[in-house]
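Let me begin by presenting the structure, written as structure tokens, before commenting on it.
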Amino acid sequence: MRNKKHLLRITISALFIAISIVLTRFFVFPYGPTFFRLTLGNVPIILGGILMGPIYGALIGFGADIVGATLFPSGNFLIFPMISSIFYGAIPGLVFMVLRKYRTKIRLPLVYPSIAVLYLLGAIYFLLQSTLTNPFDRQVTYTLTPMVKVISLIVSALLVAGLLVALFFTDRRLKLKDSYQNVLPSDFAMTIIITELIVDVIYTPIWKHYFFGLPYLFALFIHILILLTLLILKTSLINLIAYSFNKSKIEI
């Protein structure tokens with residue numbers, strides 16, 4: 001029975017590796033070499049860590065990076081993205097176990113203040129800038145007039161408020177139904193936030209600064225924007241797939 005379970009986990013891990021490679025290499029914006037990307041390639045890796053624990057999650061991340069870089073090479077191989085991929089799998093597995101254990105002891109889910117703090121950090125950086133470089137094309141620079149700043153902050157605040165409302169009502173709706181191991185979408189969102197905060201917002205800007213010369217605070221700001229932009233989509237996908245595994249009665 002134990003060997004059968006390990007075989008099932010290996011099979012699912014191989015599937016997640018394949019999906020991650022496809023999402024990372026083909027379903028990405030912008031396509032081609034760039035310092036920043038909008039991609040869902042880390043979703044299967046994070047999901048693997050949540051469903052099967054940090055060890056399998058780390059192996060999925062390692063496999064996705066190594067196999068992807070081998071099949072679709074693009075420039076010199078760097079170890080830093082590979083470390084990121086390993087973290088994408090290991091950290092969610094650890095965080096999810098802690099959240100699942102202590103979530104009932106916390107009245108207000110931590111995801112709401114976490115999103116607010118990330119938004120405020122990004123807004124402060126934005127307000128202090130007079131110009132902003134296009135993250136996908138460093139040849140293009142935008143001038144940030146006071147009017148542009150005000151309009152941008154109002155629009156972004158409304159979008160973040162919509163994100164918080166969407167998470168709140170999704171949680172309330174699922175409280176009346178079966179969920180994955182009594183875990184709500186806000187818990188998945190918090191797992192994603194902690195993971196990407198460590199990997200993308202803290203770790204990645206460091207090596208991009210020293211290896212490519214990118215300004216650290218600029219890289220940090222862009223990664224916060226990407227995190228908040230894709231958060232609801234990643235949360236929805238992980239919640240849907242985890243819920244489907246739970247309903248299928250597959251023991252992994």
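Annotations
- Of 135, 73, 185, the one that fluctuates the most in a GNM where the chain has Cα springs shorter than 10 Å: 73
- Residue among 187, 171, 65 with the largest mean-square fluctuation in a Gaussian network model of the chain, springs linking Cα atoms under 10 Å: 171
- Amide H contacts for residue 110 (H built 1.01 Å from N in the peptide plane; partners 5 or more residues away or on another chain; cut-off under 5 Å): none found.
- Radius, Kirkwood style, for segment 137-232 when every pair of distinct Cα atoms is counted (Å): 15.8
- Computed over segment 2-248: relative contact order in percent, which uses C-alpha pairs under 8 Å that are six or more apart: 19
- Residues of segment 218-245 with amide N under 11 Å of the 7 Å Cα→Cβ point at residue 144: 218, 221-222
- P(r) histogram, all alpha-carbon pairs of segment 1-118 included - 10 Å bins from 0, percent: 14, 37, 31, 16, 3
- Candidate cross-link partners of residue 208 among the aspartates and glutamates, defined by an alpha-carbon separation under 19 Å and a same-chain spacing of 8 or more, comprise 65, 137, 196, 200.
- The chain: DSSP helices with Cα axial extent of at least 30 Å and average Kyte-Doolittle hydropathy no lower than -1.0: 2-25, 79-102, 146-174, 216-248
- One chain, two ends: residue 29 and residue 133. Fully extended at 0.36 nm per residue, the span grows by 35.7 nm beyond their Cα-Cα distance.
- Rounded FRET efficiency, nearest 0.05, which uses the C-beta distance separating residue 152 from residue 66 and R0 of 35 Å: 0.30
- Sites residue 4 and residue 244, calculated FRET efficiency, Cβ-Cβ separation with R0 25 Å, nearest 0.05: 0.75
- Amide H contacts of residue 38 (H built 1.01 Å from N, under 5 Å, at least 5 apart or other chain): 29
- What the pair-distance distribution of segment 2-248 shows, using all Cα-Cα distances binned every 10 Å from zero, is 7, 30, 35, 21, 7, 1, 0 percent.
All of the numbers you see were taken from the coordinates with simple rules; none came from a lab. Fair warning: this is a prediction, and the values are worked out from it, not measured in the lab. Glycine also receives a Cβ, built like all others from the backbone with ideal geometry; neighbour counts cover every protein chain displayed.
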